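Here is the structure we will look at, set down as structure tokens.
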Amino acid sequence: MRRKLVAGNWKMHGSLALTSELCEAVTAGKPYDVDVVVFPPTLYLRQAVLEVAGSGVGVGAQDVSVHAQDGAYTGEISARMIADCGAGWAIVGHSERRADFRESDHDVGRKFAAARKAGLTPVLCVGETHAEYTGGHTLEVIERQLAAVLEHNPIEAFVSAVIAYEPVWAIGSGLSATPEQAQHVHAFIRSQLGKKDANISLLTRLLYGGSVKAANAAELFAQPDVDGGLVGGASLNTEEFVKICRAAGT
Ligand code: 13P
């Protein structure tokens, strides 16, 4: 049985004060019937870890370096450093990093491996652009993105890992995928994993991301292969985020 998970990706938003405010509200909203993880900007990671300590709420980074070993990589932050700060999770391959920072499928595979090596739980993001969607290439894109990660990692690396399907056209657009669209892609992702290992495919949590809000969360999360959500904008609104966490628990 897969336990539902709601993750809040704050992206490049926040301050010391907002980190406190969001952490306090998320922990005060407990108990949840689901796992909850927040992904603040890396600079506020340690603060968030201390603020949610003992609450059961997890903390993760929005990205990790491809380099697993320390070295002369100015500006980079390794998975080991993230784990050292007490965080347990890392998003890898978010579409904003793929598009704006030219991260390749190959880079994402290396980041997934670096996160695993440091003991972090990776949240691997996959998803098609609007042009790929309208061109009917969604499943092909997902297959390619997953295959690249599997090239750098054995299927066992997916044990307890999380995959987030985030159609790029739904991110920040207010235009969520329908529950049926999300379910269709999630079932495909599970079948791809299942070709390697049926058991692991059944245990891997698959999140949907892209304009998730309190108003649409329950019907998205009710789909059999939608195990929760990766929430962007709505995770900065504490009332809304807590409602989404509750929707996942019902
Ligand atoms: P929105 O919820 O703002 O559409 O963002 C989704 C996302 O990119 C989460 O990683």
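Observations, loosely collected:
- Residues of the stretch 144-188 satisfying the condition of being on the phi < 0 side of the Ramachandran plot, surrounded by fewer than 16 Cβ atoms within 10 Å (Cβ to Cβ) and within 16 Å of the ligand (Cβ to nearest atom): Ser173, Leu175, Thr178
- Identification of helices (runs of 4 or more DSSP H) wholly contained in the stretch 106-198 with 2 or more residues that are out of contact with any helix residue (DSSP H, G or I) (no Cβ under 9 Å at 6 or more places or on another chain) yields 179-194.
- Among the candidates Gly56, Gly75, Gly60, residue that is open to solvent by 20 Å² or more (accessible area, probe 1.4 Å), closer than 20 Å to Thr27 by Cβ and not in a helix (DSSP H, G or I): Gly56
- Any chance Leu202 is open to solvent by less than 10 Å² (accessible area, probe 1.4 Å) and either within 11 Å of the ligand (Cβ to nearest atom) or more than 25 Å from Met12 (Cβ to Cβ) (or both): no
- Any hit, the stretch 54-70, residues being within 15 Å of the ligand (Cβ to nearest atom), free of Cβ contacts under 8 Å to residues at least 60 places away in the same chain and charged (D, E, K, R): yes
- Counting the residues of the stretch 124-143 that are more than 16 Å from the chain's Cα centre (by Cα) and at positive phi gives 1.
- Just one of the listed residues (Leu150, Leu175) is over 21 Å from Ser78 (Cβ atoms) and at pLDDT below 95, and it is Leu175.
- The C-beta contact set for the stretch 221-248 (first residue on the phi > 0 side of the Ramachandran plot, second residue open to solvent by 20 Å² or more (accessible area, probe 1.4 Å) and of a type in the set (D, E, K, R), distance under 7 angstrom, 6+ apart or interchain) comprises Gly228/Lys4; Gly228/Arg205.
- Leu230 vs. criteria within 11 Å of the ligand (Cβ to nearest atom), touching an Asp or Glu at 6+ places or on another chain (Cβ under 7 Å) and part of a strand (DSSP E or B): yes
- Filter result (open to solvent by 70 Å² or more (accessible area, probe 1.4 Å), modelled with pLDDT of 95 or more, more than 13 Å from the ligand (Cβ to nearest atom) and not in a helix (DSSP H, G or I)) within the stretch 1-34: Arg3
- Selection from the stretch 212-222 of residues that are more than 12 Å from Gly8 (Cα to Cα) and either within 11 Å of the ligand (Cβ to nearest atom) or open to solvent by 40 Å² or more (accessible area, probe 1.4 Å) (or both): Ala215, Asn216, Ala217, Ala218, Glu219, Ala222
- Among the residues of the stretch 200-220, those identified as in contact (Cβ under 8 Å) with a residue 24 or more places away in the chain, closer than 22 Å to Arg246 by Cβ and part of a helix (DSSP H, G or I) are Ala214, Asn216, Ala217, Ala218, Glu219, Leu220.
Each row is one residue, and each column tells you yes or no for (1) within 19 Å of the chain's Cα centre (by Cα); (2) touching a residue at least 60 places away in the same chain (Cβ under 8 Å).
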{"position": "Ala157", "(1), (2)": "yes, no"}
{"position": "Ala164", "(1), (2)": "yes, yes"}
{"position": "Ile171", "(1), (2)": "yes, yes"}
{"position": "Leu193", "(1), (2)": "yes, no"}
{"position": "Ala198", "(1), (2)": "no, no"}
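- Qualifying residue in the stretch 90-97 (condition: more than 16 Å from the ligand (Cβ to nearest atom) and not in a helix (DSSP H, G or I)): no
- Taking the stretch 78-89 as the range and being part of a helix (DSSP H, G or I), in contact with a Lys or Arg (Cβ under 9 Å, 6 or more places away or on another chain) and of a type outside the set (Lys, Arg) as the test, only Ala79 passes.
The rows are residues; the columns are (1) crowded, with 24+ Cβ neighbours inside 10 Å; (2) more than 22 Å from Ser191 (Cβ to Cβ).
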{"residue": "Asp84", "(1), (2)": "no, yes"}
{"residue": "Ala99", "(1), (2)": "no, yes"}
{"residue": "Asp107", "(1), (2)": "no, yes"}
{"residue": "Ala115", "(1), (2)": "yes, yes"}
{"residue": "Ala131", "(1), (2)": "no, yes"}
{"residue": "His137", "(1), (2)": "no, no"}
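The values are calculated or read from the model by the stated rules, or taken from the named source; none is laboratory data. Everything quoted here is computed from the prediction, not taken from an experiment. For neighbour counting, all protein chains shown are included, and Cβ atoms are generated from backbone atoms with ideal geometry for every residue, glycine included. SASA here: full protein model, heavy atoms, side chains in, ligands and nucleic acids out. Shrake-Rupley method; radii C 1.70, N 1.55, O 1.52, S 1.80 Å.
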